[in-house]
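Enquirer: Could you have a look at this structure, given as structure tokens, before my questions?
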Amino acid sequence: MLTEIHWAGPRALLIELESLDAVLALHAQLVDHPLRGQVDVLAAARTVLAVFDSSGSARAARTAVSALDVAQTKDALTSADPVRIEVVYDGDDLPEVGRLTGLGADGVIEAHTGQIWTAAFGGFAPGFAYLVGENESLNVPRRTSPRTAVPAGSVALAGNFSAVYPRRSPGGWQLIGRTSTRMWDLDREQPALLRPGTPVQYVAVREAIELADTQDTNDDDATLPAAAGPALEVLSPGPQSLIQDLGRPGLGDLGVSASGAADTASARQANRLVGNQPGDAVVESVLGGLAVRAHGELTLALSGASVPAQIDGPRGERNVPMCSPFALHDGEQLSLDVPESGLRTYLGVRGGIDVAPVLGSRSTDLMSGIGPAVLVKGAVLPVGDVGNGRTVGAPETSPLPPDILEHRKTVTLHITTGPRQDWFTPESQATLTEQPWTVTAESNRIGVRLGATNGRPLERARTEELPSEGVVAGSLQVPPSGLPVLFLADHPVTGGYPVIGVVVPEDLPIAAQLSPGTTVRFIEMEPQP
């Protein structure tokens, strides 16, 4: 059943199995009987990704997983009544799918509705589930030219999978129909209609279906309420300002990444300085430019990227130190300049930013569109009540390393061997750590994109397509360009390109502070025992 267990960083295991039935069986076992320290478990086409809270828990789990004897009984996994999804089969690609399969349009409809499909794993968006059928009669390639926008509710095929697009998004699957079935709904107790192992029956209907407008919009954003008490008013958001906490781990099966503050060390410090809990919500500001006004008497602190900051108000002007609590009186304005070092600055306020949590977190996830809206001019951020026993902290030193603080030309990051390192030539495996890489301007919260200005891209030893599998933050995924992408907080939960290495969790806050043009070198650590 188990064919191999790969390390996916020091705290995660990528467990390779011989069949999808085995994947679903092991996934069900780990969901129903979590191992010690298990944070998340994610099924994919041929693998299960298990993430743990520490390297010690991951090592113990590796031994435990090797000894598991999970029954591969598909009937047991699909014993529940199928979820009915009514489909109008009028998709733009239906004639082409009929040609590719030799079945014709009517034959495609008959094949699609004539078998039970099983949700195998989550995809790139919340509620997107890869469904596998009972046969391969509808195995078709993706479109050679992906669409820039696929409507919500589109029913599609790609490879041996079928899926329903839960929201409007780009996509290269073959469209064969549409449905009004809502695949993702935050008002439900279980927002995702389909979880791994859920059986599905497609049903053909003739009536035209009007899809709810909210399925084509970013309806997952939590709107900011009007503040009745203390608050921060956004006068300018700068290039980008977001509300973040420590994220929403454990929802990979829903297609939802953990998200949260990209630099957790700085976010924690900002909260600690004002006497908050570590997971209280803060403001994450990229490249400065943030300006806010106090409504009420507030205590704030800045951490992360070092920025010149100034307070203006009736009491005059004064500069604000980094990594130290300070008062922002009613009506005063705090303004951040461009960072002197680093990329992301964190603003903590005593009591925390008190917006409504979404799936247990106040984080804004740019990849999936979940959480509070991106901050704009005029937004008013309510501040929570200050609980008993919260003591304002003393000034601290910056959590950023000297590489960032002292503007050194090269920043070093420590990595472990990636789960698919053997997919690359020996020369490229060596190149990863031997040559410098440059952070490009296309980087964001999803990932740091790296260039090889004075070097060479990585070359693969294996050229076949890698079935989508779970990935962790810190993964160095290598697309066909051969230029690695270092996944950060808002990364997709699954990926179809091989991961050559994984930045250790302790260095991810440093990675989050890499500004465009920075040179990066990777240092490989000893492999896990």
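The values are calculated or read from the model by the stated rules, or taken from the named source; none is laboratory data. Predicted model only: the values in this text are computed from it and were never measured. Methodologically, a virtual Cβ is constructed for each residue, glycine included, from the backbone with ideal geometry; neighbour enumeration extends over all protein chains shown. In case anyone asks, the SASA skips ligands and DNA or RNA and just uses the protein heavy atoms, side chains included. Shrake-Rupley method; radii C 1.70, N 1.55, O 1.52, S 1.80 Å.
Enquirer: Which residue pairs have Cβ atoms under 7 Å apart, sit 6 or more places apart or on different chains, and have a first residue in the stretch 159-170 that is farther than 15 Å from Asp93 by Cα and a second that is among the charged types (D, E, K, R)?
Expert: Note: pairs meeting the criteria are Asn160/Glu136; Arg168/Asp216; Pro170/Arg147.
Enquirer: Working carefully through the options Thr416, Thr431, Thr494, Thr425, find the one that is open to solvent by less than 40 Å² (accessible area, probe 1.4 Å), modelled with pLDDT of 95 or more and under 25 Å from the mean Cα position of the chain (by Cα).
Expert: Thr416
Enquirer: Among the residues of the stretch 409-465, write down those that are acidic (Asp, Glu) and touching an Asp or Glu at 6+ places or on another chain (Cβ under 9 Å).
Expert: Glu427, Glu459
Enquirer: Here's something else I'd like to know. Only one residue in Arg456, Arg460 is touching a helix residue (DSSP H, G or I) at 6+ places or on another chain (Cβ under 9 Å), more than 26 Å from Ser257 (Cβ to Cβ), in contact (Cβ under 8 Å) with a residue 12 or more places away in the chain and among the basic types (Lys, Arg), so which one is that?
Expert: Checking each option against the conditions leaves just Arg456.
Enquirer: Does the stretch 386-434 hold any residues that are in contact (Cβ under 8 Å) with a residue 60 or more places away in the chain and on the phi > 0 side of the Ramachandran plot, and which are they?
Expert: His407
Enquirer: Something else: Would you point out the residue of the stretch 207-251, among those that are open to solvent by 60 Å² or more (accessible area, probe 1.4 Å) and at pLDDT 75 or above, that is farthest from Arg362 (Cα to Cα)?
Expert: Filtering first and then ranking leaves Pro239.
Enquirer: Kindly provide the set of residues from the stretch 434-459 that are surrounded by fewer than 20 Cβ atoms within 10 Å (Cβ to Cβ) and basic (Lys, Arg), ordered by number.
Expert: Passing the criteria: only Arg456.
Enquirer: Could I ask something else about it? Please go through the stretch 388-410 and give me each residue that is of a type outside the set (Val, Ile, Thr) and farther than 20 Å from Glu506 by Cβ, ordered by number.
Expert: Asn388, Gly389, Arg390, Gly393, Ala394, Pro395, His407, Lys409
Enquirer: Scan the stretch 497-529 residue by residue and report those that are under 18 Å from the mean Cα position of the chain (by Cα), of a type in the set (A, V, I, L, M, F, W, C) and more than 17 Å from Leu246 (Cα to Cα).
Expert: Within the stretch 497-529, Val499, Val502, Val503, Val504 meet the criteria.
Enquirer: Look through Pro321, Pro325 and report the one residue that is under 18 Å from Ser398 (Cβ atoms), in contact (Cβ under 8 Å) with a residue 40 or more places away in the chain and crowded, with 20+ Cβ neighbours inside 10 Å.
Expert: Sole residue among the options that is under 18 Å from Ser398 (Cβ atoms), in contact (Cβ under 8 Å) with a residue 40 or more places away in the chain and crowded, with 20+ Cβ neighbours inside 10 Å: Pro325.
Enquirer: Residues of the stretch 100-114 being assigned to a loop (DSSP other than H, G, I, E, B) and closer than 18 Å to Thr179 by Cα, which ones?
Expert: Correct list: Gly114 only.
Enquirer: Something else now. Just a yes or no: is a residue in the stretch 127-139 buried (at least 17 other Cβ atoms within 10 Å of the Cβ) and farther than 26 Å from Ala192 by Cα?
Expert: yes
Enquirer: Examine the stretch 261-273 for a residue that is closer than 17 Å to Leu359 by Cα, buried (at least 23 other Cβ atoms within 10 Å of the Cβ) and within 18 Å of the chain's Cα centre (by Cα), and state whether such a residue exists.
Expert: Yes, the stretch 261-273 contains a residue that is closer than 17 Å to Leu359 by Cα, buried (at least 23 other Cβ atoms within 10 Å of the Cβ) and within 18 Å of the chain's Cα centre (by Cα).
Enquirer: Here is a further query. Among the listed residues Val383, Val358, Val349, Val374, which satisfies the condition of being touching a residue at least 60 places away in the same chain (Cβ under 8 Å) and surrounded by fewer than 19 Cβ atoms within 10 Å (Cβ to Cβ)?
Expert: Criteria check complete, one pass: Val374.
Enquirer: Would you check which residues across the stretch 505-523 are modelled with pLDDT under 95 and open to solvent by 80 Å² or more (accessible area, probe 1.4 Å) and list them?
Expert: none
Enquirer: Same structure, new question: Here's a check for you: in the stretch 388-413, which residue that is of a type in the set (Gly, Ala, Ser) and open to solvent by 30 Å² or more (accessible area, probe 1.4 Å) is modelled with the lowest pLDDT?
Expert: By that ranking, first place goes to Gly389.
Enquirer: Could you list all residues from the stretch 1-43 that are closer than 16 Å to Gly122 by Cα and either open to solvent by 20 Å² or more (accessible area, probe 1.4 Å) or assigned to a loop (DSSP other than H, G, I, E, B) (or both)?
Expert: Leu20, Asp21, Ala28, Val31, Asp40
Results for (1) farther than 24 Å from Ala25 by Cα; (2) open to solvent by less than 30 Å² (accessible area, probe 1.4 Å); (3) part of a strand (DSSP E or B), shown as yes or no for each residue.
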| residue | (1), (2), (3) |
| --- | --- |
| Thr144 | yes, no, no |
| Val155 | yes, yes, yes |
| Ala163 | no, yes, yes |
| Ile176 | yes, yes, yes |
| Arg195 | no, no, no |
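Enquirer: List pairs: first in the stretch 124-141 and part of a loop (DSSP other than H, G, I, E, B), second among the polar types (S, T, N, Q) and at pLDDT 90 or above, Cβ under 6 Å, 6+ apart or cross-chain?
Expert: Gly133/Gln115; Glu134/Gln115
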